[in-house]
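The values are calculated or read from the model by the stated rules, or taken from the named source; none is laboratory data. It should be emphasised that the depicted structure is a prediction, and the values quoted were computed from it without experimental measurement. Positions of Cβ are generated from backbone atoms using ideal geometry, with glycine treated the same way; all protein chains shown enter the neighbour counts. For the accessible areas, the whole protein counts, side chains as well, though only heavy atoms, and no ligand, DNA or RNA atoms are used. Shrake-Rupley method; radii C 1.70, N 1.55, O 1.52, S 1.80 Å.
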Amino acid sequence: TARGEQLKPLREIAAKGSDAESTIAWKAILTVTTSPLAKDRWQESAKELARNNPQEVGFFKALAELRLPGYEAQIEAALKHDNINLMDAAKEARAAATAAASTGKRVAELKPEEVTKYVMESAGRGDLAEGKRLYTAQSCIACHAVDPNAEQKGPYLGSAGSKFTREYLIESILDPNAVVAQGFQTTVLNTKDGNSHMGFVTNEADGVIEIRNIAGVASTIKRADVTGEKNMPQSMMPAGLGTTLTLEQFNSLIDYLVSLKSEL
């Protein structure tokens, strides 16, 4: 979620760096436009950068890698340019957007039971590389580590395929409140300074509580400063993380999660 505060330096990297560096910077910027965790003002700022018709190979390479539709005006402008590399990158972005637009119904258009039925019957048919990409693009990585050496935030998913059933993983995304992982229910701590801290408690020792919010950011609070504590029945995981995906994309994401077998 901090990417929203980094748009200006990212844009400078995109403009001044090599094509490879520009692509990485633009992928970070464009991910803000689609991330369910990004604030509205951040999303709008990122979209504004893209609306200014960037004449950079990295922009179109990023569009192609992220398979983002909705940038036809920018593509058209690039195709009129005299830079062959820019034109080729724009053509690549258009092809990726066209392919993404033709992959069928989206999860939001169907009932949960219809999505579940399709994904259960389509086990093993997903694109694992696409699923891995979506794991980042849909902001799963903001709260769930898949690397045992990474900072642990929400429930560890590096061994999702060996710990959870396929149906459980599907339901966890479609209806997070239905299957709150043990130890990760939402806790609200009110403190003497009038602030409230919402997240899940990861540790409490020697009178100090560590709590992580939805973005995985940890805060430490003295137990003596807590004036109220309440455990909420709902999950911190926001609903709707999978609604923008097509059925094929959703299936690829689930297949990727099922493929994860490493132990923490």
Once amide H atoms are built 1.01 Å from N in the peptide plane, which residues 5 or more positions from Thr186, or in another chain, come under 5 Å H to H?
Met232, Gln234, Met236
Accessible carbon and sulfur surface of segment 21-168 relative to its total accessible area, %, 1.4 Å:
53 percent
√(5λ) per eigenvalue of the Cα gyration tensor, the chain, largest first, Å
35, 25, 15
For segment 53-124, what is the accessible area per residue in Å² when the probe is 1.4 Å?
54 Å²
Tell me, what does the Kirkwood hydrodynamic radius of segment 106-197 come to in angstroms if you use every pair of distinct C-alpha atoms?
15.4 Å
Take the Cα atoms of segment 52-182, find their three principal axes, and give me the spread along each one in whole Å, biggest first.
57, 36, 25
Cut-off under 5 Å, modelled amide H: who pairs with Phe164 long-range:
none
Please find the FRET efficiency linking Glu167 to Val188, where r is the Cβ-Cβ separation and R0 is fixed at 35 Å, and quote it to the nearest 0.05.
0.70
Trypsin sites (Lys or Arg not before Pro), restricted to segment 84-178: which are DSSP loop and have at most 14 other Cβ atoms within 10 Å?
Lys105, Arg125
Can you run the Rg to Rh ratio on segment 1-94? Use alpha carbon positions and the Kirkwood inverse-distance Rh.
0.95
Lys, Arg +1 and Asp, Glu -1 on Cβ, resulting dipole of the chain about Cα centre, debye, nearest 20:
200 debye
Hull-based mean projected area of segment 123-264, where the convex hull spans the alpha carbons, in square nanometres
8.9 nm²
If R0 is 25 Å, what FRET efficiency do you get for Thr220 and Asn149 from their C-beta distance, rounded to 0.05?
0.65
Could you give the length gained on full extension between Ser18 and Ala123, defined as 0.36 nm per residue of separation minus the Cα-Cα distance, in nm?
33.8 nm
